[in-house]
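Please read the structure below before turning to the comments.
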Number of protein chains: 2
Amino acid sequence: MNRNIGVKEHISQKVLSIESINQRVRNMEYAVRGPIPAKAEELKLKLLDPEGSNLPFKKTVFCNIGNPQELGQKPVTFLRQVSALSELPELLTKENRNLISNIFNSDVIERAEKIQKMAGGSVGAYSDDAGIFGIRKSVAEFIQKRDGFPSDPSKIQLTNGSTGSIERTLELIISNENVGIMIPIPQYPLYSASITRLGAKSVYYYLEESKGWGVDTSRLLENLKEARNRGIDVRAIVIINPGNPTGSILTLENMKDIISICEKEKLVILADEVYQTNVYMVDDFPFHSFKKVISEMKSNVELFSFHSISKGMFGECGKRGGYMEMYNIDQNVMDQLTKMATVSLCPNVPGQIALETMVNPPREGDESYQQFKAEIDEIHNSLKRRCIKLQKAFNEQVNITCNPAQGAMYLFPQIKLPQRFITETINKNKVPDVEYCIEMLETTGVCVVPGSGFEQEIGTYHFRCTFLPQEDEFDEFIKTFSEFNTKFMERWN
Amino acid sequence: MNRNIGVKEHISQKVLSIESINQRVRNMEYAVRGPIPAKAEELKLKLLDPEGSNLPFKKTVFCNIGNPQELGQKPVTFLRQVSALSELPELLTKENRNLISNIFNSDVIERAEKIQKMAGGSVGAYSDDAGIFGIRKSVAEFIQKRDGFPSDPSKIQLTNGSTGSIERTLELIISNENVGIMIPIPQYPLYSASITRLGAKSVYYYLEESKGWGVDTSRLLENLKEARNRGIDVRAIVIINPGNPTGSILTLENMKDIISICEKEKLVILADEVYQTNVYMVDDFPFHSFKKVISEMKSNVELFSFHSISKGMFGECGKRGGYMEMYNIDQNVMDQLTKMATVSLCPNVPGQIALETMVNPPREGDESYQQFKAEIDEIHNSLKRRCIKLQKAFNEQVNITCNPAQGAMYLFPQIKLPQRFITETINKNKVPDVEYCIEMLETTGVCVVPGSGFEQEIGTYHFRCTFLPQEDEFDEFIKTFSEFNTKFMERWN
């Protein structure tokens with residue numbers, strides 16, 4: 001018996017193998033950080049080596065994920081100062097006050113003291129399973145101020161990022177493998193991956209590229225009925241607004257139509273509203289929360305809405321702070337969500353603290369107000385400039401069209417790939433937009449996500465690109481991309 | 001039609017009701033924060049009211065959960081200073097150095113700079129999905145130093161507390177509802193709750209109270225065979241060492257026997273070792289990691305081992321930092337765990353930073369070393385004193401016996417409840433140890449968890465009590481409990 005066979009036998013004898021583990025986990029797909037970003041990480045390391053000098057670019061740029069601080073966005077000072085001081089209770093004592101007063105503003109010190117109290121004396125303790133109650137109260141006040149309708153802190157749960165809320169809610173709703181959840185095409189792949197992992201069925205509805213990525217509700221109704229005719233117990237619909245990957249914002253009329261359908265057809269709404277402040281053309285495309293519109297319509301549609309500190313102007317992705325608000329949800333059902341939180345223990349407290357500073361920022365007259373406002377405005381204006389600039393640039397490229405940029409951190413341009421390229425790629429059992437994106441990465445160092453990672457209408461090709469590179473790098477970034485695309489199209493046309 | 005019926009109909013019309021949601025979630029039980037702690041929270045609020053003066057105690061004491069900072073344990077300064085400074089990159093610039101040098105030691109500043117670099121420039125970005133690689137390297141070095149065997153950072157995953165690792169691993173292993181996971185009786189209810197949620201079967205093995213809560217391996221084998229005879233696909237065994245709720249530590253011989261069984265019977269080991277430094281009688285009951293013993297035995301048993309910053313001397317429960325090490329696990333299986341991390345996005349970065357300070361503490365000669373060592377020693381010695389004192393006190397009570405305290409943060413005394421109390425309680429469809437604990441809470445303000453919350457040998461009754469109240473409150477705490485128990489036993493004997 002040769003040695004290799006022995007090794008193989010040894011491996012196959014393990015209890016856990018790719019065949020024996022949970023196959024629903026195995027079947028999950030997630031493109032935002034799939035093989036293309038892995039390749040980009042490799043190239044990034046190669047650039048540090050002497051052989052990296054052979055590469056046709058000097059820098060890798062990660063436009064695959066909405067991770068602003070990775071690309072140089074500065075953290076918001078107020079948030080970070082409150083976070084830091086909350087870690088240092090001994091500095092909050094009277095005798096140490098003058099030690100810190102030249103570093104921290106008075107409202108930062110007050111807020112850290114308040115958080116200390118709300119956390120029951122120490123931010124190092126497990127908090128309430130659903131999050132520190134005082135912070136949930138701040139969230140409720142923020143929602144009430146945003147929407148003009150009351151919000152109940154006992155119906156708010158804080159989680160490790162909004163991902164934590166979304167995963168928990170889906171798990172609660174999915175009672176068997178016949179349950180269907182409607183998700184938009186294109187969508188953020190957390191949804192399809194989680195639905196696969198939980199053993200249920202994704203039921204697609206479509207965002208119409210020709211209508212600014214709005215929802216064609218009669219087509220949605222058809223998709224719903226078709227799924228129900230196949231015996232699927234369609235219970236809920238995921239709506240991402242502002243959109244990911246599309247960057248578009250739903251109109252009020254579109255939202256009302258969707259809510260009416262959900263009411264009539266008994267669909268729970270999961271409203272992913274994490275980009276609610278990433279709104280760049282506010283007069284033409286304002287953001288409305290589903291909570292507000294449902295309240296205005298006096299509808300009894302069951303709603304979970306999600307928000308986060310990872311996006312917006314804060315971009316504190318690493319802290320994993322998020323919340324969900326439950327509206328029109330049965331109390332017994334909410335109790336089960338609390339029990340789920342209890343078993344997993346509380347969400348991380350630093351993420352909760354960051355959330356507190358986001359929903360309850362400095363007000364006019366507070367010592368930190370001017371700096372806070374200047375920082376937030378600067379980030380917002382810069383995102384807006386980059387968003388518009390990139391959208392314009394994409395529309396100037398050969399065979400690329402891109403809808404107007406309204407919100408979020410992404411553009412989702414359509415690439416009209418040459419037919420010869422499509423045919424040859426498919427004949428090689430490869431995916432055309434994936435191959436386009438790999439070539440873009442290898443030529444320019446720019447990492448984007450192919451549209452197939454988000455699902456897209458069959459026969460169309462896209463990629464998702466963040467507009468997060470810093471402004472001083474932006475012209476170079478556009479120029480590099482443009483050269484690549486022009487050559488690519490020339491070669492295949 | 002009267003109004004109430006209308007309301008009921010309205011409720012039953014919701015898509016999500018207690019009947020329609022995931023029934024596996026509904027079936028989860030979790031006692032550590034169940035109705036008794038909820039009652040304790042109520043009483044705590046009542047004490048603030050004027051009517052609280054009628055209560056027979058002045059203070060509620062939460063001995064139900066290992067949450068040391070809630071009960072006044074001070075945070076470790078080095079950990080908190082590094083955490084705080086990592087939030088403030090602008091203070092790390094050269095021109096601000098003298099602003100911070102009177103607050104932060106030089107090794108704190110160096111560490112914060114190192115973390116900044118390891119995190120790719122900003123702790124506010126999403127990190128690697130499996131955690132910052134530099135911190136995983138620190139964890140691997142910590143394990144190697146602890147055990148004397150190599151550890152591979154690519155086989156370490158950082159998570160939101162060790163709960164995050166445990167939930168993820170169980171989900172990977174449980175491929176269908178016929179899978180069985182062996183869990184100790186008594187056990188920490190995260191395991192039974194998660195197994196219920198994931199739709200698999202808990203297969204019990206027993207810790208023998210008469211043998212210092214050790215494992216009778218021949219009885220374990222019987223339990224395993226009996227389950228397999230019933231057709232259950234028993235794949236893994238959970239071992240909590242030092243024990244929760246028992247506070248006991250497995251002997252080396254016992255561990256070797258268990259490993260041999262796992263090797264022969266093809267069981268994956270899930271080693272919950274979060275209390276590995278909570279060891280109070282180190283000469284008689286030292287801690288050995290399963291990784292070390294498996295390595296010494298040159299065994300190919302598949303192992304996941306879990307550790308956390310929530311316990312030990314740090315007690316940073318709120319930060320939710322933890323890790324797991326995978327050993328002898330198939331690479332394809334580990335890749336699936338990485339994909340799970342990718343879909344959920346990275347663990348919270350502040351928890352990762354705290355973990356870095358725990359596994360890579362100040363060394364002799366570092367500016368923070370003396371204070372760090374003094375703080376850790378003081379916490380350790382105090383926990384040890386309280387542990388021994390409480391165990392002695394329990395053994396002096398009427399009808400209570402308690403095994404020697406070896407580790408963790410808990411004692412799990414047995415209460416020999418009077419037969420008349422047991423009969424009357426059971427006749428009322430109530431659980432004897434639950435009723436005992438409720439009366440304890442209502443009489444003394446002390447909140448503990450009844451043994452039935454952890455499962456226990458049938459016909460025996462226990463409760464789990466942390467020894468975390470601060471030392472200046474400890475005598476009062478024991479006296480109050482003693483008075484309650486004496487009166488209780490007098491009344492029912």
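The values are calculated or read from the model by the stated rules, or taken from the named source; none is laboratory data. What you see is a predicted model, and the numbers here were worked out from it, not measured in a lab. Note that we place each Cβ from the backbone using ideal geometry, even for glycine, and neighbour counts take in every protein chain shown. The area values use the complete protein model at the heavy-atom level, side chains included, leaving out ligands, DNA and RNA. Shrake-Rupley method; radii C 1.70, N 1.55, O 1.52, S 1.80 Å.
Take peptide B:72-78, look around each residue's Cβ out to 10 angstrom, count Cβ atoms belonging to other protein chains, and average those counts.
Across B:72-78, the average partner-chain Cβ count within 10 Å equals 3.
Name the residues of region A:30-53 whose accessible area, probed at 1.4 Å, falls by at least 40 Å² once all protein chains are in place instead of their chain on its own?
A:30, A:33
Report the one residue of A:343, A:260, A:323 whose Cα lies farthest in the direction of the positive end of the charge dipole of region A:126-359 (charges on C-beta: Lys and Arg +1, Asp and Glu -1; origin at the Cα centre).
Value computed over the given set: A:343.
Mind checking the dipole of the protein assembly as shown: about its Cα centre, +1 per Lys or Arg Cβ, -1 per Asp or Glu Cβ, Debye to the nearest 20?
My answer is approximately 1160 debye.
Copy-to-copy spacing for residue A:265, label 7 Å out on the Cα-to-C-beta vector, in nm, shortest first?
Nearest first, the other copies' label points are 5.1 nm away.
Roughly what % of DSSP beta bridges within region A:126-359 run antiparallel, to the nearest 5? Can you show the working numbers first?
Values: 13 of 32 bridges.
Close to 40 percent.
Taking 8 Å as the Cα distance limit and 6 or more residues as the minimum spacing, I'd like the relative contact order of region B:126-359 as a percentage.
Averaging sequence separation for qualifying contacts and normalising by length gives 26 percent for region B:126-359.
Under the Kirkwood approximation applied to all pairs of distinct alpha-carbon atoms, what is the hydrodynamic radius of region B:234-283 in Å?
Taking the inverse mean of 1/r over all distinct Cα pairs, region B:234-283 comes out at 11.7 Å.
I'd like the distance separating the alpha-carbon centroids of region B:364-411 and region B:133-199, in whole Å.
Here the two parts' Cα centres lie 26 Å apart.
At a threshold of 8 angstrom on Cα-Cα distance, excluding pairs fewer than six apart, so keeping six or more, what relative contact order does region A:241-291 reach in percent?
46 percent
Ignoring ligands, DNA and RNA and using a 1.4 Å probe, state the total buried accessible area between A and B in Å², rounded to the nearest 100. Show your work: numbers first, answer last.
Working: alone 22880 and 22910 Å², together 38290 Å².
Counting protein atoms only, the buried area is about 7500 Å².
Decide, for the protein assembly as shown, between rounded, prolate and oblate: order the square roots of the alpha carbon gyration tensor eigenvalues as a ≥ b ≥ c, take rounded if a/c falls under 1.5, and otherwise choose prolate if a/b is larger than b/c, else oblate.
Rounded is the answer for the protein assembly as shown, as its axis ratio a/c remains below 1.5.
Per residue, how much accessible area does chain B have with a 1.4 Å probe, in Å²?
Dividing the accessible area of chain B by its residue count gives 39 Å².
Name the shape class, rounded, prolate or oblate, that the alpha-carbon gyration tensor gives for region A:407-464, where a ≥ b ≥ c are the square roots of its eigenvalues, rounded holds for a/c under 1.5, and otherwise prolate holds if a/b is larger than b/c and oblate otherwise.
It is oblate, given that a/c is not under 1.5 and a/b is not larger than b/c.
Relative contact order of chain B, please, whole-number percent, based on alpha carbon pairs below 8 angstrom and at least 6 residues apart.
21 percent
Rg to Rh for region A:126-359: what is it, with Cα atoms only and Rh by Kirkwood?
Ratio of gyration radius to Kirkwood radius: 0.94.
Around residue B:391, under 12 Å between beta carbons, what's the net of Lys plus Arg minus Asp minus Glu among the other residues?
Value of the local net charge: +4.
Assigning unit charges at the beta carbon (Lys, Arg +1; Asp, Glu -1) and nothing else, what dipole magnitude in debye, to the nearest 20, does chain A show about its Cα centre?
760 debye
Once the dipole of the protein assembly as shown is set up with Lys and Arg at +1 and Asp and Glu at -1 on Cβ about the Cα centre, which of B:250, A:45, B:287 lies farthest towards its positive end?
The residue sitting most towards the positive pole is B:250.
Let me confirm one metric for peptide B:124-132, namely the mean number of other chain beta-carbon atoms within 10 Å of its residues' beta-carbons.
Details: counts 20, 15, 11, 4, 2, 2, 0, 0, 1.
That works out to 6 on average.
Treating only the Cβ atoms of Lys and Arg (+1) and Asp and Glu (-1) as charged, compute the dipole magnitude of region A:126-359 about its Cα centre; round to the nearest 20 debye.
260 debye
Assume the label is 7 Å from Cα along Cα to beta carbon: what separations in nm does residue A:374 have to the matching positions in the other copies?
Inter-copy label distances (nm, one decimal, shortest first): 4.2.
Which is farthest toward the positive dipole end of chain B among B:185, B:278, B:434, measuring Cα position about the Cα centre, with Cβ charges +1 (Lys, Arg) and -1 (Asp, Glu)?
Result: B:434, furthest along the dipole toward the positive end.
Compute the label-point distances linking residue A:487 to its equivalents in the other copies; points lie 7 Å from Cα along Cα→Cβ; give nm, one decimal, shortest first.
8.7
Which entries in B:264/B:298; B:145/B:264; B:392/B:479 show an alpha-carbon gap greater than 18 Å?
B:145/B:264
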